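Trainee: The structure is given below, and queries will be raised subsequently.
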Amino acid sequence: MNETLGVAIIGAGRVASAHCRAVKATPGTRVVAIADTDIARAEALATQNECAPVRDYQDALARSDVDFAIIALPHWLHHKAAIDCANAGKHIFVEKPMADTVEECDEMIAAAKKNDVHLFVAHTQRFFASTIAARELLESGRIGKPIFATDTWYKNFGLEGRPAWFLDRSGGGGGMWLMNGAHMIDRSCWVLDSEVAAVKAWIGNPIYNLSADDSAMAFLQLKNGLNISIIHSGYKSGVQKCEVEILGTEGMLKFDSYSNHLEVENDGAYEPIEVTRHDPFQKEVEALAHTIRTGAPLPVSVEWGRHMVDVLCACEESSRTGREVVLG
Ligand SMILES: NC(=O)c1ccc[n+]([C@@H]2O[C@H](COP(=O)([O-])OP(=O)(O)OC[C@H]3O[C@@H](n4cnc5c(N)ncnc54)[C@H](O)[C@@H]3O)[C@@H](O)[C@H]2O)c1
């Protein structure tokens, strides 16, 4: 292990600058290489971060000054890249969703175990300050015992700016469901503190008629007896909304991670609660760096990352068959 942990960023697309910023802000870590098959992208980000651009990520993994790699690739490449990182002896930070199938997750977990490296699945939503504060508020008993949550996210699909892989579910792992369903299932289940027992869902493409979904509704029954409804759409024209609302026996709360908003019901109306903002990406990098240095458990287990993929795929199966799917 290098005294300052060296980081290779694999994939210099939309999310990679957030990773660079997070590594820069985390004491004891630095970006040493950025890989992208589109070398101009790697070069642009590498110039900003004063590190080496490479086209082939294996060249970054071959460097002795790299301790962990951040995989920020199209979903269908998470599996192969994570196994390559493990075989190169590098710890792994993989963006959500962990992979496209549970079988791929199992192979990634096996490769990490075999090579004795940590595998961290970056479910960013639970690292936002307002998500953490919502969970603490619930634990404090302020709204009594939770009953159910509704998680609603409407956003612009942004067709013009989307890469080709995102417009194809079967080959690329694309679509709004894998991209944002992963966030929604993680944040709501984490705040309600439970895995999922069974799902019934509809996932479709009525707006754009692409080979990937643009809209979804899912009903999740949790192992702890609570329920979550998830409503998501990447609209062509609409009003943006991203909010989780929780009903308890003694009140209600709602939060929105991106706008750092948390409100609790008081006497029939919502009142804001102040939450100090922090960078969730930095919290993720700090968590993995801490685990690499101390061996402490990761805040997102590989089993949880795999479970999220299991739930995403179970919802797709339910949508295909029109039936409830019970998770194993
Ligand atoms: N945590 C969050 O809030 C958040 C936000 C956005 C995206 N993401 C996740 O980040 C990942 C990447 O998403 P994105 O929107 O940045 O995608 P993107 O398409 O913008 O970027 C992917 C990059 O990977 C490069 N690439 C493709 N194949 C490659 C290969 N074999 N080797 C090296 N580079 C290769 C592409 O050229 C592209 O620059 C996804 O898992 C996505 O779900 C997470």
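Trainee: Of the residues in the range 1-15, how many are within 23 Å of residue 84 (Cβ to Cβ) and either within 13 Å of the ligand (Cβ to nearest atom) or polar (S, T, N, Q) (or both)?
Mentor: 9
Trainee: Find the residue count for the range 191-214, including only residues that are more than 20 Å from residue 227 (Cα to Cα) and free of Cβ contacts under 8 Å to residues at least 60 places away in the same chain.
Mentor: Selection size over the range 191-214: 10.
Trainee: Hey, can you tell me all the residues within the range 120-173 that are more than 16 Å from the ligand (Cβ to nearest atom), loosely packed, with under 14 Cβ neighbours inside 10 Å and within 19 Å of the chain's Cα centre (by Cα)?
Mentor: If the condition is that a residue be more than 16 Å from the ligand (Cβ to nearest atom), loosely packed, with under 14 Cβ neighbours inside 10 Å and within 19 Å of the chain's Cα centre (by Cα), then no residue fits.
Trainee: Next up: Which numbered condition in (1) outside any helix (DSSP H, G or I); (2) within 13 Å of the ligand (Cβ to nearest atom); (3) in contact (Cβ under 8 Å) with a residue 60 or more places away in the chain; (4) not hydroxyl-bearing (Ser, Thr, Tyr) is the only one that residue 18 fails?
Mentor: Evaluating residue 18 over (1) outside any helix (DSSP H, G or I); (2) within 13 Å of the ligand (Cβ to nearest atom); (3) in contact (Cβ under 8 Å) with a residue 60 or more places away in the chain; (4) not hydroxyl-bearing (Ser, Thr, Tyr) leaves (1) as the failure.
Trainee: Suppose we keep only residues that are surrounded by fewer than 19 Cβ atoms within 10 Å (Cβ to Cβ) and among the β-branched types (Val, Ile, Thr) within the range 276-291. Which one would you say is nearest to residue 31 (Cα to Cα)?
Mentor: 291
Trainee: Would you confirm, using the coordinates I've provided, whether residue 91 is modelled with pLDDT of 95 or more, out of contact with any Leu (no Cβ under 6 Å at 6 or more places or on another chain) and either of a type in the set (A, V, I, L, M) or away from the ligand (no atom under 12 Å from the Cβ) (or both)?
Mentor: For residue 91, the condition - modelled with pLDDT of 95 or more, out of contact with any Leu (no Cβ under 6 Å at 6 or more places or on another chain) and either of a type in the set (A, V, I, L, M) or away from the ligand (no atom under 12 Å from the Cβ) (or both) - is met.
Trainee: Of the residues that sit in the range 260-286 and are acidic (Asp, Glu) and in a loop (DSSP other than H, G, I, E, B), which one is farthest from the ligand (Cβ to nearest atom)?
Mentor: Of everything passing the filter in the range 260-286, 267 is farthest from the ligand (Cβ to nearest atom).
Trainee: Restricting to the range 182-211, what's the tally of residues that are touching a His at 6+ places or on another chain (Cβ under 6 Å) and assigned to a helix (DSSP H, G or I)?
Mentor: If we filter the range 182-211 for residues that are touching a His at 6+ places or on another chain (Cβ under 6 Å), which is where we start, we get 186, 195.
Add one more test, that the residue is assigned to a helix (DSSP H, G or I), and what stays is 186.
Matching residues across the range 182-211 total 1.
Trainee: Answer with yes or no whether residue 29 is touching a Lys or Arg at 6+ places or on another chain (Cβ under 7 Å) and of a type outside the set (A, V, I, L, M, F, W, C).
Mentor: In short, no.
Trainee: Also, I was wondering about something else. Say whether the condition of being more than 21 Å from the chain's Cα centre (by Cα), at pLDDT 95 or above and near the ligand (Cβ under 10 Å from one of its atoms) is met by at least one residue in the range 60-80.
Mentor: Yes, there is a match, as at least one residue in the range 60-80 is more than 21 Å from the chain's Cα centre (by Cα), at pLDDT 95 or above and near the ligand (Cβ under 10 Å from one of its atoms).
Trainee: Could you please let me know if residue 228 is away from the ligand (no atom under 16 Å from the Cβ) and assigned to a strand (DSSP E or B)?
Mentor: Spelling it out, residue 228 is indeed away from the ligand (no atom under 16 Å from the Cβ) and assigned to a strand (DSSP E or B).
Trainee: Just to be sure I understand, how many residues within the range 37-52 are within 11 Å of the ligand (Cβ to nearest atom) and either under 15 Å from residue 23 (Cα atoms) or assigned to a strand (DSSP E or B) (or both)?
Mentor: 1
The values are calculated or read from the model by the stated rules, or taken from the named source; none is laboratory data. As the structure is a prediction and not an experimental result, all values here were calculated from the model. Using ideal geometry, Cβ is built from the backbone for each residue, glycine included, and neighbour counts are taken over all protein chains shown.
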